[in-house]
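**Q** I have a structure I would like to understand better, so I am pasting it below and will then ask my questions one at a time.
Coordinate-derived values only; no laboratory data. All values reported here derive from a predicted model rather than from experimental measurement. Neighbour counts are summed over all protein chains in view; Cβ atoms, including those assigned to glycine, are modelled from backbone coordinates with ideal geometry.
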Amino acid sequence: MSRVIEALLFVSSDPLSIETIAEATGFAAEEVRELLAGLKAEYDGQERGWQLEEVAGGFRLSTRAEFAPYIERLLRTPQQGLSNAALETLSIIAYHQPVTRAEIEQIRGVKADRSLATLLGKGLIQEVGRKEALGRPILYGTTDSFLRHFGLRSLADLPKLEEVFLQEELPLTGRGEHHNPEG
């Protein structure tokens, strides 16, 4: 029965929720959960080149990170990373969402137009509404693509800001208060 789930995960380009797998297979949700745990243990125990991971509210098969250099060489595609400005902007959005362009610029101290355009173009952020304020500015938030890209199950998996600053040995002052990413 786990092979049926394995086949579904193999052909899906997006993470599959337990509910979606249960609906497709006719298995009970608890049975799906147990079969997924068994597949994960099997892959981890056999040290396969792929893994079963939980991201963006679902499960997917993915190659293990340690094999990225080999895969990149095979595909010969240059990795298009994000600039430091785009990463800073993305971090602000992830931790302070929903957030306006003006609020991002206030935190960063510089314009954010180019970074916002880049992040929107890559599908890492999206417009999530309008703020009830003068001019009704656009509010930005992260997407499921953001969660998949960074291998996160949910925003709750983001490191705490205090941990990030301690790890980077950066001061925690002058950057505004920590905003609960789930709120």
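**Q** Using the crude model of +1 on Lys and Arg Cβ and -1 on Asp and Glu Cβ, and no other charge, please compute the dipole size for segment 84-168 relative to its Cα centre, in debye to 20.
**A** Around 300 debye, computed over segment 84-168.
**Q** Which whole-number percentage describes the relative contact order of segment 15-158, with Cα contacts under 8 Å and a sequence gap of 6 or more?
**A** Value for segment 15-158: 21 percent.
**Q** Also, I was wondering about something else. Once the other residues with Cβ under 13 Å from the Cβ of Glu34 are scored (Lys, Arg +1; Asp, Glu -1), what is the net sum?
**A** Spelling it out: positives minus negatives among the neighbours equals -1.
**Q** Sticking with this one: Can you give me the long-range amide H partners of Val128? Hydrogens built in the peptide plane at 1.01 Å from N, cutoff under 5 Å, separation of 5 or more residues or another chain.
**A** The list, which skips near neighbours in sequence, is Leu139, Tyr140, Gly141.
**Q** Non-local amide H neighbours of Ser154 (under 5 Å, H modeled in plane, Pro and chain starts lacking H): which ones?
**A** Ala56
**Q** Still on this model: Can you find, among Gly129, Leu152, Gln106, the residue sitting farthest towards the positive end of the charge dipole of segment 84-168, where Lys and Arg contribute +1 and Asp and Glu -1 at Cβ?
**A** Checking the options against the dipole of segment 84-168, the answer is Gly129.
**Q** Still on this structure, I have one more. Rounded to whole Hz and in sequence order, give me ³J(HN,Hα) for segment 32-37 from the Karplus expression 6.51 cos²θ - 1.76 cosθ + 1.60, θ = phi - 60°, writing x for Gly and Pro.
**A** With the stated coefficients, segment 32-37 comes to 4, 4, 5, 5, 5, 4 Hz.
**Q** Can you list the residues, at least 5 places off or on another chain, whose amide H is less than 5 Å from the amide H of Ser17, using H built in the peptide plane?
**A** Correct list: Phe59.
**Q** Give me the angle, in degrees from 0 to 90, between the Cα long axis of helix 84-96 and the longest principal axis of the Cα atoms of the chain, rounded to the nearest 10.
**A** Between the helix axis and the principal axis of the chain, the angle is about 80 degrees.
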